[in-house]
1. Does any residue of segment A:89-101 turn out to be more than 19 Å from the chain's Cα centre (by Cα) and within 14 Å of chain B (Cβ to nearest Cβ)?
2. Of all strands (runs of 3 or more DSSP E) completely enclosed by segment B:1-100, which ones contain at least 1 residues that are within 20 Å of the chain's Cα centre (by Cα)?
3. Of the residues B:310, B:232, only one is among the β-branched types (Val, Ile, Thr), in a loop (DSSP other than H, G, I, E, B) and out of contact with any strand residue (DSSP E or B) (no Cβ under 7 Å at 6 or more places or on another chain); which?
4. Being modelled with pLDDT under 90 and at positive phi narrows it down to one residue among B:521, B:494; which is it?
5. Being in contact with a Ser or Thr (Cβ under 6 Å, 6 or more places away or on another chain), at the interface with chain B (Cβ under 7 Å from one of its Cβ atoms) and touching a residue at least 40 places away in the same chain (Cβ under 8 Å), is that true of even one residue in segment A:107-122?
6. Scan segment B:559-579 for residues that are within 14 Å of chain A (Cβ to nearest Cβ), at negative phi and crowded, with 24+ Cβ neighbours inside 10 Å and report the count.
7. Of all residues in segment B:370-394, how many are under 25 Å from the mean Cα position of the chain (by Cα) and surrounded by fewer than 22 Cβ atoms within 10 Å (Cβ to Cβ)?
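The values are calculated or read from the model by the stated rules, or taken from the named source; none is laboratory data. In this text the structure is predicted, and so the values were computed from the model without any measurement. Note that each Cβ is placed from the backbone with ideal geometry, even for glycine, and that neighbours are counted across all protein chains shown.
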Amino acid sequence: MDSKELNSPGYDVPPELQGQVAITTLDRIYNWGRAASVWPMMFGLACCAIEMICTAASRFDTARFGMEIMRPSPRQSDLMIVSGTVTKKMIPIIVRLYNQMPEPKYVLAMGACASGGGPFKEGYNVVPGVDRFIPVDVYIPGCPPTPQALLNGLIKLQEKIKGQSIKGARWYTKGPDEVEIPIPILGPDLIDPRKIDQIKQISKTAKKAEAQP
Amino acid sequence: MTTPAPTQTLDLAARFPGSVTPDEREGYDGWIVAKEKLISFAQVVRDEFGYDYLSSLTGVDYLPEGKMEVVYHVYKTTGGPGLIFKVQVPRQDPIEVPSLMPVYPGADLQEREAWDLLGIKFIGHPDLRRVLMWEGFEGHPLRKDWQEAFFEEEAKPFKSRWPDGQFTMAEDRTPLGDNVAFPAGFDPKKARFDPETALYESLRQYDKEETGLETDHMLVNMGPHHPSTHGVFRMAVILDGETIVSLKPVMGYLHRNHEKIGERNTFLMNMPYTDRLDYLSSMSNNFGYALTVEKLMGVKPPERAEYIRVIMAELTRIANHVWAIGFLLNDLGAYFTPMLYGVEERELILDIFEAVSGSRMMCNYFRFGGVARDLPEGTLEKIHGIAFDRLPRKIDELERLLAENEIVRTRSIGQGVLSAEDAIRYSAAGPLLRASGIPYDVRRAEPYGIYDRFEFDVAVRYNGDIYDRMMIRFDEVRQSIRIIQQAVKDLPGGPITAMKPVYQVRVPAGEAYGRVEGPKGELGYYVISTGKSTPWRYHIRAPSFINLTAFGPMCTGLKIADVVGVLGSIDIVLGEVDR
């Protein structure tokens, strides 16, 4: 970031001090630092994870964007790249990992499967899109997205981070730190705890319909 | 369409009068065995006729005939064609078939899969739990009368999408707007869910050893989110101190229903799905599926296509092996540096794939009776440069850096040993089998395509430890380079496909089992056609999945830190393990 970008508009820095002094807002300098040091979680689900590794490797190199440090622990990471098909068996773990990440946290849905089920949408063990359970910040199309596409998505995420303000950020507001997402349950099929009443209702009417004929 | 030669020469029907009959359905092959005689039949086949290797075991649901069938494909590790035998049982629960675990321990995970997806109970299996879905899941999804919530029609293309284009969202058709269905009268508030207990109980079986000492064992879960498990693989381990008492692989976290979706897809539509099985080696997956359907159709690709197929399959093997070596070193602790050497070579090969198919990873390049496109201009020169100049040099360099490294040798020599007998018993395939001293390579044992024309050696090593499994991948890369060199030299001109490019192929009724030597091992496809536009059954014999059968026994007695290295040396890809 050069000084032109860093300086808030409307403040004239005398020419002799340019390069040594910058007048800026807290948001700008804070977001500048955050956007350039996003630590993704080392978290691969499927095919897209291979392209994610290629993106991190020497040819495409996410270190250019300050994102080369992949942390296996959710406690140390800022960004969850959901790289692949989300299955019903896996979603409780994904939600738990998301809950364990500290704020501010971001989610990037990489590829068709994570965004909406992709070619496997009709599958009985597939969750059609991770956004049914956790909020997604950036979606990347492709099956799998090329490393260039992933880099583009990461740049989009940086733009999003730069547009945020401390004033409105949910991790600085009063109240509980973060909103925990209830962890789905593996029953006879995947149970979303937020829909338990609905499920009960539907199973009841299904029973009636069966009894009538 | 399958060659009936081997079964005709063996007179198994005379050996088991009344209980073994030849399968006389049109397009089918092999023997139908009465379920009472199955175990003694398998023993005879293994001990007297030498079919010591259980390649594939799967179930087929013949709903219209009211039958459930279990199909076994066995081979000799000395080479040659295989033997097929089947057991048929009426399709009424409980569907019971004796387990072949006492004869072929490699049936372990495959029988669990057939139980999970088709509900066939294998009597005598010591640990018959669900393997891909979770314990407590309702129904057996591969049965023909089982439908998920998003079910639309039996066969694609769905009328809602084509040709009129009245697209409807699957979400709008289901009451919950999601791909879930619950049994009638289900009350989520009262029900208790316990998908894990069965696993822990099965682990505890091994915990009651009478040593006379009061030891406290510890249960450790690794994965599915773990940096060393190569994806979403999970292992549950019982530890005595740091030593492993028992280990169970837990999978299904990437089970994306290839087989159910494949039964609804047209034959050609399955081709891009095969890419996503072992997503590191899509060309090999294409190869196996194309071969299987070509067997049914009776099509032979033209010469040029055959050569291009071999070049692509061998490039895939190289790309996979350099990646596998890199990841194994990651697991042994050399974090990411050796891997970058591997990734560099792989990227160059991916450039070739992108040039010929348009995609780096998911190539979707093979077609029935040929390949999709001819090599674009300049690609052959690129392949030539890689195969003759760059790769031999780079592989030597990588080997020089790793093979003599003190830390690598100390951590890998003598660790995770799999003996030759065990490798066959557990149906291990590919580098895992060959590193244990069995020179079994489908390219030689039962040549497919034009592999009988090339000069190459079957790489084999004899110690069966992590080190040998790493070194055998170097050997195999060298042999692949040899094959590519010969193929590039001899590449003829001419057409690249034997058929007109069509969306819908006519596949005569029958069954076919096609197998190729994929980078991970023997990759098989078992396809049944009824003459309709979609396959009746589409089963994948995934080498990564079956190689994991030996994983538990290999790890018992090791230290917990070495498990990661053993897993890395098997080289699994979760897309293929879970399918």
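1. Scanning segment A:89-101 turns up at least one residue that is more than 19 Å from the chain's Cα centre (by Cα) and within 14 Å of chain B (Cβ to nearest Cβ).
2. B:53-62, B:67-75, B:83-90
3. Among B:310, B:232, only B:232 is among the β-branched types (Val, Ile, Thr), in a loop (DSSP other than H, G, I, E, B) and out of contact with any strand residue (DSSP E or B) (no Cβ under 7 Å at 6 or more places or on another chain).
4. B:494
5. no
6. 7
7. So the answer is 1.
Okay, residues lined up against (1) within 23 Å of residue A:190 (Cβ to Cβ); (2) touching a helix residue (DSSP H, G or I) at 6+ places or on another chain (Cβ under 7 Å); (3) crowded, with 20+ Cβ neighbours inside 10 Å:
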residue: B:185; (1), (2), (3): yes, yes, no
residue: B:201; (1), (2), (3): no, no, no
residue: B:204; (1), (2), (3): no, no, no
residue: B:251; (1), (2), (3): yes, yes, yes
residue: B:269; (1), (2), (3): no, no, no
residue: B:275; (1), (2), (3): no, yes, yes
residue: B:285; (1), (2), (3): no, yes, yes
residue: B:289; (1), (2), (3): no, yes, yes
residue: B:292; (1), (2), (3): no, no, yes
